[in-house]
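Down below is the structure, laid out as structure tokens.
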Amino acid sequence: MTVIEVSSLRRIYRTRISPWRRGSREVEAVRGIDFAVERGELFGLLGPNGAGKTTTIKMLITLLLPTSGSARVLGHDVVEDPRAVRRRVGYVFGGDRGLYERLSGLDNLRYFAELYGVPAREQKARIAELLELAGLAGREKERVEGYSRGMRQRLHIARGLLHKPEVLFLDEPSIGIDPVGARELRTTVADLRNAGTTVLLTTHYMFEADELCDRIAVIADGRIVAEGTPAELKSRVGEGSVVEVEVFGDAGSVLPALRALSGVRSAVVEERGHSEVIVVRAEPGAEVTQGVLGALDGISLGRVATRQPTLEDAYVELVESA
Amino acid sequence: MSAAPAASIPRVLAVGWWFHLKMLSRSAFNGILQILWPLFFATIAFFLYGIDGDDRTLLYASIGASVMGVWSAVSTSGSGAVQRERWQGTLELLVAAPVPLASVLLPVTTAMATVGLYSMVTTLLWGRLLFGIDVSIEHPWLFAFSVPATVLAIGMLGFLLSVTVVRYRSAWALGNAFELPVWLVSGFLVPISILPDWVRPISWVLAPTWGVRAIRESALGGHPLPDLLLCLLLGTVYLLVGVFAAESILRSARRNASLSLS
Ligand SMILES: Nc1ncnc2c1ncn2[C@@H]1O[C@H](COP(=O)(O)OP(=O)(O)OP(=O)(O)O)[C@@H](O)[C@H]1O
Ligand SMILES: [Mg+2]
């Protein structure tokens with residue numbers, strides 16, 4: 001069964017240029033996208049800042065009206081029947097906003113349990129269960145203003161799960177969480193999926209998407225530029241290997257020469273801390289390391305590494321060619 | 001997995017009211033204001049009328065001052081509260097919940113009005129303690145009804161304001177802008193009979209005008225019942241208008257992306 005169906009979905013933001021002058025500026029944040037998510041799937045929406053991911057999610061959870069096109073969640077149209085959608089979906093966003101700071105974690109959960117129609121008889125048990133899941137048991141009576149970032153994020157997740165939503169929207173849930181916390185979060189999300197919850201996730205961490213997602217759509221500048229399983233996306237960049245060379249000096253000037261080498265698919269410069277790294281992607285089966293080093297003759301080099309393509313490589317290539 | 005059942009609205013209202021009351025009680029700043037304002041209002045009233053006023057005039061004035069306290073609390077903090085929800089990112093979560101928006105907003109201002117009720121009682125007490133005003137009541141029963149009715153009606157007026165704040169990001173300033181004019185026009189401090197004629201119709205559609213009259217007449221003697229009923233009627237009208245407006249305003253907020261800050 002298809003749980004999320006999006007077709008030709010568009011959203012334009014109109015903002016007044018200034019309160020005094022007439023006229024407005026238009027931003028077309030989502031430019032006609034189509035995708036479908038099946039029941040029980042964990043679907044990733046990846047894309048650079050400002051690509052339109054949050055806008056898409058907000059249309060699906062009925063916080064924003066689409067400018068045109070349509071979206072259905074669990075068979076309910078998000079424009080025609082928003083309340084039916086709201087009853088069945090959960091929404092969690094990253095960052096530390098969205099909580100009542102002056103009150104305790106328990107107060108926050110109780111309030112939202114009421115708003116989401118969790119029956120009074122079940123609230124206590126449900127909240128206790130979620131506090132346990134979120135690792136907040138024992139600290140639920142403290143005020144949220146004293147919570148760490150990770151605790152807040154886990155409280156958010158507990159809040160989003162109160163009413164046992166059939167579909168969960170996670171907008172950058174792992175932002176600002178330490179590596180151990182992020183790993184626990186991934187386990188939680190994977191468990192939810194295994195228990196049958198459909199999940200739509202956005203993240204900027206490619207390994208996270210690679211580990212979790214069944215299917216991914218890459219969105220850039222309001223359009224979906226690729227869609228498929230992580231493996232399919234990786235194979236799009238070709239089976240070719242990736243050569244990374246740390247350089248000191250003018251890296252940009254050698255790029256044309258590198259791109260001219262036979263077997264080279266693309267060559268770009270990436271900033272990594274204080275140094276620059278040239279990333280050369282080879283055609284499938286091509287061996288380019290010798291050629292690349294030859295072309296860099298005369299430039300002072302640091303570390304040289306060869307590896308197989310990752311989801312991040314696929315992502316960067318897809319987004320840059322978009 | 002099943003869909004969450006529809007929440008019961010009375011429960012949502014009651015839990016929300018308690019939740020917001022708890023939150024208000026946690027702010028030291030609010031607490032201090034709630035103690036200082038009544039004192040401040042009672043003092044103004046005393047100096048306005050105190051010089052040549054008899055005891056009954058002083059009671060008249062301190063009732064006005066105490067209702068003023070309720071309105072000040074509701075108008076400024078009531079609309080500010082919704083703006084704070086937007087600012088802290090909870091407004092979107094409230095909207096994303098399956099309950100009607102009105103049932104989420106109503107408790108915000110009624111909680112505020114409840115705090116105002118406290119300020120009302122303390123203003124009268126201050127008047128009694130500081131200035132020795134005689135606070136004996138002519139119609140205790142009607143007084144006991146008029147006070148909560150006025151507080152509720154003021155809460156409903158605040159609710160109408162807060163509904164507009166959902167739609168217009170800068171509307172929270174409306175609360176502050178309305179604070180003073182409503183003081184004047186509702187006759188909290190000076191009788192509305194001394195205001196220009198064109199102001200009268202505005203006074204008539206403001207529930208606090210009738211509320212404060214009902215309280216005064218039940219305290220000082222007169223016929224408070226018609227005033228009380230008008231106050232309740234107007235409060236109900238505000239409620240209905242707010243509830244109906246909330247849904248269409250929400251739609252407009254979804255179209256105009258005014259639920260969040262970004
Ligand atoms: N309320 C708004 N008013 C006007 N423009 C907006 C609004 N919200 C978003 N935008 C614009 O719409 C575009 C898409 O924004 P969106 O938040 O959907 O991106 P995103 O993919 O979630 O980005 P990020 O990864 O940074 O979260 C951006 O250009 C943004 O500036
Ligand atoms: Mg975003």
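The values are calculated or read from the model by the stated rules, or taken from the named source; none is laboratory data. The shown structure was predicted, so the numbers you read here are calculated from the model rather than taken from an experiment. Here the Cβ is made from the backbone with ideal geometry for all residues, glycine too, and neighbour counts use every protein chain on show.
Condition check ((1) within 14 Å of another protein chain (Cβ to nearest Cβ); (2) closer than 25 Å to residue A:187 by Cα; (3) among the aliphatic types (A, V, I, L, M); (4) assigned to a helix (DSSP H, G or I)) across all residues:
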site	(1), (2), (3), (4)
A:102	yes, no, no, no
A:106	yes, yes, yes, yes
A:109	yes, yes, yes, yes
A:121	yes, no, no, yes
A:128	no, yes, yes, yes
A:137	no, yes, yes, no
A:141	yes, no, no, no
A:153	yes, yes, no, yes
Scanning for something under 30 Å from residue B:247 (Cβ atoms) and among the basic types (Lys, Arg), does segment A:48-66 turn up at least one residue?
yes
Mind checking which residues of segment A:154-173 are farther than 14 Å from residue A:97 by Cα and touching a Ser or Thr at 6+ places or on another chain (Cβ under 6 Å)?
A:167, A:168
Whether any residue in segment B:140-156 is modelled with pLDDT under 80 and polar (S, T, N, Q) is what I want to check.
no
List, please: which pairs have Cβ atoms under 6 Å, are six or more places apart or on different chains, and start with a residue in segment A:8-23 that is under 30 Å from residue A:77 (Cβ atoms) and not assigned by TED's automatic domain parsing to the domain that holds residue A:59 and end with one that is modelled with pLDDT under 80 and surrounded by 10 or more Cβ atoms within 10 Å (Cβ to Cβ)?
none
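Give the residue that is nearest to residue A:320 (Cα to Cα), with candidates limited to residues of segment A:38-55 that are touching a Leu at 6+ places or on another chain (Cβ under 8 Å), more than 7 Å from ligand 1 (Cβ to nearest atom) and not small (Gly, Ala, Ser).
Taking segment A:38-55 and keeping what is touching a Leu at 6+ places or on another chain (Cβ under 8 Å), we get A:42-45, A:53, A:55.
Now narrow it down to the ones that are more than 7 Å from ligand 1 (Cβ to nearest atom): A:42-45.
When the remaining residues are screened for being not small (Gly, Ala, Ser), the result is A:42-43, A:45.
Numbers: A:42: 25, A:43: 22, A:45: 17 Å.
Selected residue: A:45.
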Show the residue pairs meeting these rules: Cβ distance below 8 Å; 6+ apart or different chains; first residue within segment A:45-58 and farther than 25 Å from residue A:86 by Cα and in the same structural domain as residue A:33 (by TED's automatic domain parsing); second residue assigned to a helix (DSSP H, G or I) and near ligand 2 (Cβ under 8 Å from one of its atoms).
A:47/A:53
Every listed condition ((1) at pLDDT 95 or above; (2) away from ligand 1 (no atom under 13 Å from the Cβ); (3) within 14 Å of chain B (Cβ to nearest Cβ)) holds for residue A:4 save (3)
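In segment A:24-37, what count of residues is obtained for those that are more than 15 Å from ligand 1 (Cβ to nearest atom) and of a type in the set (Gly, Ala, Ser)?
Quick first cut of segment A:24-37, residues more than 15 Å from ligand 1 (Cβ to nearest atom) only: A:34, A:36-37.
Next, from what is left, pick out any that are of a type in the set (Gly, Ala, Ser): A:36.
Qualifying residue count, segment A:24-37: 1.
How many residues are away from ligand 1 (no atom under 15 Å from the Cβ) and of a type outside the set (A, V, I, L, M) if we restrict to segment A:189-232?
Applying the first criterion (away from ligand 1 (no atom under 15 Å from the Cβ)) to segment A:189-232 yields A:189-199, A:207, A:210-215, A:226-232.
Next, from what is left, pick out any that are of a type outside the set (A, V, I, L, M): A:191, A:193-194, A:196-198, A:207, A:210-211, A:213-215, A:227-230, A:232.
Selection size over segment A:189-232: 17.
For segment A:52-68, give me each residue that is in contact with a Lys or Arg (Cβ under 9 Å, 6 or more places away or on another chain) and more than 10 Å from chain B (Cβ to nearest Cβ).
Our first condition is that a residue be in contact with a Lys or Arg (Cβ under 9 Å, 6 or more places away or on another chain); within segment A:52-68, this holds for A:52, A:55-56, A:58-59, A:61-68.
Matches in segment A:52-68: A:52, A:56, A:68.
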Scope segment A:191-208; condition touching a Leu at 6+ places or on another chain (Cβ under 6 Å), under 15 Å from residue A:92 (Cβ atoms) and not in a strand (DSSP E or B); matching residues
A:193, A:197
Among the residues of segment A:209-240, what is the count of those that are more than 15 Å from the chain's Cα centre (by Cα) and part of a helix (DSSP H, G or I)?
6
Of all residues in segment A:148-172, how many are within 16 Å of ligand 1 (Cβ to nearest atom) and touching a Phe, Trp or Tyr at 6+ places or on another chain (Cβ under 6 Å)?
2
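So, residue A:2, is that one more than 16 Å from ligand 2 (Cβ to nearest atom) and under 21 Å from residue B:92 (Cβ atoms) or not?
In short, no.
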Residue in segment A:128-136 that is out of contact with any Ser or Thr (no Cβ under 8 Å at 6 or more places or on another chain) and closer than 30 Å to residue A:5 by Cα present
yes
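How many residues does segment A:48-57 contain that are more than 9 Å from ligand 2 (Cβ to nearest atom) and surrounded by 24 or more Cβ atoms within 10 Å (Cβ to Cβ)?
In the first step, residues of segment A:48-57 are kept if they are more than 9 Å from ligand 2 (Cβ to nearest atom); the result is A:48, A:56.
From what is left, the residues that are surrounded by 24 or more Cβ atoms within 10 Å (Cβ to Cβ) are A:56.
Within segment A:48-57, residues that are more than 9 Å from ligand 2 (Cβ to nearest atom) and surrounded by 24 or more Cβ atoms within 10 Å (Cβ to Cβ) number 1.
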The lone condition residue A:35 fails out of (1) closer than 21 Å to residue B:97 by Cβ; (2) away from ligand 2 (no atom under 16 Å from the Cβ) is (1)
Filter segment A:194-205 down to the residues that are away from ligand 2 (no atom under 16 Å from the Cβ) and under 25 Å from residue A:48 (Cα atoms), then identify the one that is nearest to the other protein chains (Cβ to nearest Cβ).
A:198
State which residue pairs qualify: first residue at the interface with chain A (Cβ under 10 Å from one of its Cβ atoms) and inside segment B:241-258, second residue among the β-branched types (Val, Ile, Thr) in any location, beta carbons under 7 Å apart, and separation of 6 or more residues or different chains.
B:250/B:95; B:250/B:166; B:253/B:166
Looking at segment B:203-215, is at least one residue assigned to a helix (DSSP H, G or I), within 14 Å of chain A (Cβ to nearest Cβ) and either touching a strand residue (DSSP E or B) at 6+ places or on another chain (Cβ under 9 Å) or among the hydroxyl-bearing types (Ser, Thr, Tyr) (or both)?
no
Restricting the first residue to segment A:86-98 and requiring it to be more than 15 Å from ligand 2 (Cβ to nearest atom), which pairs with a second residue that is part of a loop (DSSP other than H, G, I, E, B) and charged (D, E, K, R) meet a Cβ separation below 6 Å and a spacing of at least six or different chains?
A:88/A:166
Which of the residues belonging to segment A:7-19 are more than 25 Å from the chain's Cα centre (by Cα) and either more than 14 Å from ligand 1 (Cβ to nearest atom) or modelled with pLDDT of 95 or more (or both)?
A:18, A:19
Step by step: first the residues of segment B:203-262, then only those that are away from ligand 2 (no atom under 16 Å from the Cβ), surrounded by fewer than 21 Cβ atoms within 10 Å (Cβ to Cβ) and of a type in the set (Gly, Ala, Ser), then the one that is nearest to residue B:183 (Cα to Cα). Which residue is that?
B:203
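Within segment A:82-93, identify whether any single residue is more than 7 Å from every other protein chain (Cβ to nearest Cβ) and surrounded by fewer than 18 Cβ atoms within 10 Å (Cβ to Cβ), and answer yes or no. Lay out the reasoning, then the answer.
Filtering segment A:82-93 for residues more than 7 Å from every other protein chain (Cβ to nearest Cβ) gives A:82, A:84-85, A:89-90, A:92-93.
So of that shortlist, the ones also surrounded by fewer than 18 Cβ atoms within 10 Å (Cβ to Cβ) come out as none.
Within segment A:82-93, not a single residue is more than 7 Å from every other protein chain (Cβ to nearest Cβ) and surrounded by fewer than 18 Cβ atoms within 10 Å (Cβ to Cβ).
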Between B:59, B:91, which is buried (at least 21 other Cβ atoms within 10 Å of the Cβ), over 15 Å from the mean Cα position of the chain (by Cα), more than 14 Å from chain A (Cβ to nearest Cβ) and touching a residue at least 60 places away in the same chain (Cβ under 8 Å)?
B:59
Of the residues in segment A:171-190 that are within 16 Å of ligand 2 (Cβ to nearest atom) and among the charged types (D, E, K, R), the one that is nearest to residue A:90 (Cα to Cα) is A:171
